[in-house]
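The values are calculated or read from the model by the stated rules, or taken from the named source; none is laboratory data. Just so you know, these numbers come straight off a predicted model, no measurement behind them. In this analysis, Cβ positions are derived from the backbone assuming ideal geometry, glycine residues included, and neighbour counts consider all displayed protein chains. For accessibility, only protein heavy atoms count, side chains too; no ligands or nucleic acids. Shrake-Rupley method; radii C 1.70, N 1.55, O 1.52, S 1.80 Å.
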Amino acid sequence: MKKSYKHGVLQAGVLFSKLFILFIDDIIIDLEPEVEVSLFADDLAVSVQYEDPKECERLMQLAIGKIEQWAKKWKMELNAAKTEYILFSNWNRESKWEGHLVLNAQQIKRDDTPKFLGVRFDWNMTFISHVKQAKYKLRQSLRTLRAVSHKRWGSRTEDLRTLFIGFVRSVAEYAGAWMTAASDTTIQQVEVEQNTGARLITGCLASTPIDALLVEADLVPLQLRRRIAAANARENIAEQPQSKQRAKSIRRDEREIVESRSRRNHKGPGNQGH
């Protein structure tokens, strides 16, 4: 039996995921050059950068309109209820900024800690929300490790270490390359959980120095592993064809934003109006 589809993709079969990727790949084709896009399967993040939030709002609404046109053309439904926005800024007075973005005639809601591909963001990119989420998951995973780490009848040290690396540490290192932007105090919350895991692996006392504890457990400090991951990510990005031009653009945008912030700060709060 044969079926023909005039729009959409068949939601069954081994080729579904690849066919869907091909189908949705041109959803961003009509967006303006200043619009940045991250697309993974059906998860889409769109961003624009400008010194004035109102201009960001205008550019974003134009991008949303283009995406709506694509969805209408290919008879795809966009879920406005699952769509969120946030304004990233290093200015405290913009931390609660409320915009007006519309999708399918519905106002898009603001989320102070939006989640994209498993990573929690916050308005000033401190990753505090993501670290709290990782800390909670780590503690859940450590309970499993603790259940099989009894001194008398528990698993061998080698097995505990293997379990920790695959089941526990992988949670702490998710998106680790980007966690270098977080403060040492924030990151320390995750380091503490690895230290707990190292004690479960080795059976060392709580008074054992951290350096000696990690050596005994044969574990590398998470901070060092994050730096290595960040260096590898930087290297991979640098090898991409458009990375040099993109790097120049980023540096130019950063200079413009810093200069703009400086001008706005010198004007004083009484002259702000956006």
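Length gained on full extension, T180 to L44: 46.6 nm, using 0.36 nm per residue less the C-alpha separation. Pairs exceeding a 21 Å alpha-carbon distance, out of K66/K96; K73/K115; K18/K75: K66/K96; K73/K115. Ranked from largest to smallest solvent-accessible area, with a 1.4 Å probe on the protein heavy atoms, L205, L59 come out as L205, L59. Of the peptides 230-239, 179-188, the ranking by mean beta-carbon count within 10 Å, highest at the top, reads 179-188, 230-239. Solvent-accessible surface of the range 1-136, taken per residue with a 1.4 Å probe and all protein chains present: 68 Å².
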